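The values are calculated or read from the model by the stated rules, or taken from the named source; none is laboratory data. Keep in mind that this is a model prediction, so the values were computed, not measured. When we count neighbours, we look across all protein chains shown, and the Cβ atoms used for this are built from the backbone with ideal geometry, even at glycine.
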Amino acid sequence: MPKYVAFLRAINVGGRIVKMDYLRDLFAALGFANVETLIASGNVIFSSASKNTKGLEQKIEIHLHETLGYKVATFVRSTSELAAIARYKPFADSELNAEGHTLYIGFLSAKPVDEAKQKMAAHRTEVDEFHFHGREIYWLCRKKFSETQFKGNLEKLLGMQATLRNSTTVKKIAVKYS
C-alpha cells in the first residue's frame with residue numbers, strides 16, 4: 001500500500017491547537033493505515049490504497065473542515081516524491097550550508113504559472129532568493145526568519161494555496177519514510 005505525507009496548513013498556529021493523537025485519529029477515521037505524525041506542525045504520514053493524491057487532499061480537507069470547524073489546506077506527496085524534493089538542490093552547497101542561512105520548502109496546490117513566478121522574482125533580495133521546481137518553491141533565507149522583509153505570504157503572491165516547512169523537517173521525514 002502506498003505511503004504518503006500530508007502537510008497541513010493552519011495546524012497549531014494562530015490559536016488553533018490540535019493534539020497529535022486526535023489528528024492521527026481523524027486520519028484513521030478516513031480509513032488510512034499506519035498513521036503517524038511528526039512534529040506538531042501538521043505533518044501526517046499515512047498509507048492508503050489510493051494513488052490519487054488530489055483525491056486524497058480533497059478527502060482530508062473535507063473531513064478536517066467538518067471536524068475541526070475551519071479549512072485546513074492539505075498538500076499530499078508520496079514518500080518517493082518527498083525523497084526527490086528533499087534531495088533537490090536549488091542553490092549551491094556554499095549557500096545552503098552557510099551559517100545563518102535557512103532553506104524553506106513551500107508545498108503548492110499546483111505547478112505555478114509564469115505570472116506567479118514573476119511576482120516571486122520581484123521579492124528577491126540579497127537576503128531572500130526563490131526557486132521553483134514542480135509543485136514546490138524553495139526559499140533561501142540568508143537571515144533569521146524574523147529579520148527578513150519577506151514574511152512567507154506565498155498564497156497571496158502566487159494566487160494558490162501553500163504551506164512552508166523548514167528543509168530540515170522535510171529531509172527528516174524523507175529519510176525516515178523513504
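In this structure, does G106 turn out to be in contact (Cβ under 8 Å) with a residue 24 or more places away in the chain and over 19 Å from the mean Cα position of the chain (by Cα)? Even if it seems obvious, please write down each step before you answer.
Numbers: in contact (Cβ under 8 Å) with a residue 24 or more places away in the chain: yes; over 19 Å from the mean Cα position of the chain (by Cα): no.
No: the conditions fail for G106.
Looking at region 69-92, can you tell me whether even one residue there is surrounded by fewer than 18 Cβ atoms within 10 Å (Cβ to Cβ), without any contact (Cβ under 8 Å) to a residue 40 or more places away in the chain, more than 30 Å from R24 (Cα to Cα) and more than 17 Å from the chain's Cα centre (by Cα)?
Yes, region 69-92 has at least one match.
From the list S50, S41, which one is under 17 Å from the mean Cα position of the chain (by Cα), of a type outside the set (D, E) and surrounded by fewer than 19 Cβ atoms within 10 Å (Cβ to Cβ)?
On the way: S50 fails: under 17 Å from the mean Cα position of the chain (by Cα).
Step by step, each of S50, S41 is checked, and only S41 is under 17 Å from the mean Cα position of the chain (by Cα), of a type outside the set (D, E) and surrounded by fewer than 19 Cβ atoms within 10 Å (Cβ to Cβ).
Going residue by residue through region 14-21, is there one that turns out to be free of Cβ contacts under 8 Å to residues at least 24 places away in the same chain, under 25 Å from S178 (Cβ atoms) and surrounded by 13 or more Cβ atoms within 10 Å (Cβ to Cβ)?
Looking for residues that are free of Cβ contacts under 8 Å to residues at least 24 places away in the same chain, under 25 Å from S178 (Cβ atoms) and surrounded by 13 or more Cβ atoms within 10 Å (Cβ to Cβ), one finds at least one in region 14-21, hence yes.
To keep it simple, each residue is scored yes or no on (1) β-branched (V, I, T); (2) crowded, with 19+ Cβ neighbours inside 10 Å; (3) at positive phi.
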residue	(1), (2), (3)
L103	no, yes, no
A110	no, no, no
V113	yes, no, no
K119	no, no, no
H131	no, no, no
I137	yes, yes, no
R142	no, no, no
T148	yes, no, no
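Within region 83-120, track down each residue that is within 19 Å of L158 (Cα to Cα) and among the polar types (S, T, N, Q).
The answer is S109, Q118.
With the condition kept exactly as written, say whether any residue in region 127-135 is at pLDDT 95 or above, closer than 22 Å to A84 by Cβ and in contact with a His (Cβ under 8 Å, 6 or more places away or on another chain).
yes
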